[in-house]
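No value in this document is a laboratory result; all are computed from the given coordinates. It should be emphasised that the depicted structure is a prediction, and the values quoted were computed from it without experimental measurement. So basically every Cβ, Gly included, is an ideal-geometry build from the backbone, and we count neighbours across all protein chains shown.
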Amino acid sequence: MEKDVNKIVDEDIPSGLPLLYNSKELSSWLGISRERLYSLVLTQQFPVIRVSPKRLRFAKENVKKWLQERGWEPMNG
């Protein structure tokens, strides 16, 4: 079952992970499938860095900002 990205709490954001995520790491962190992540990239102006046509990277701060702009507010921050 996938998480609702609007219900992610600040504790869900791993502090020890790198500043850039690949699609596998980010989809796991968000609790959604990679297919759903690709759909967000294509339809929701999800912040992505294209390393090559098939390699995507995601900046931690850009992802957090994108979630906040869509109504997500950290519970402890």
Original post:
Once a ≥ b ≥ c are taken as the square roots of the eigenvalues of the Cα gyration tensor of the stretch 21-69, is the result rounded (a/c under 1.5), prolate (a/b larger than b/c) or oblate (a/b not larger than b/c)?
Top reply: rounded
Original post:
What list do you get for V41, V51 if you sort them by fewest beta carbons within 10 Å?
Top reply: V51, V41
Original post:
Residue by residue, what Karplus-based ³J(HN,Hα) values in Hz, rounded to whole numbers, does the stretch 32-38 have, using 6.51, -1.76 and 1.60 with θ = phi - 60° and x for Gly and Pro?
Top reply: 10, 6, 5, 4, 5, 4, 4
Subject >> Y38, Y21 arranged by Cβ crowding within 10 Å, fewest neighbours leading >> reply: Y38, Y21
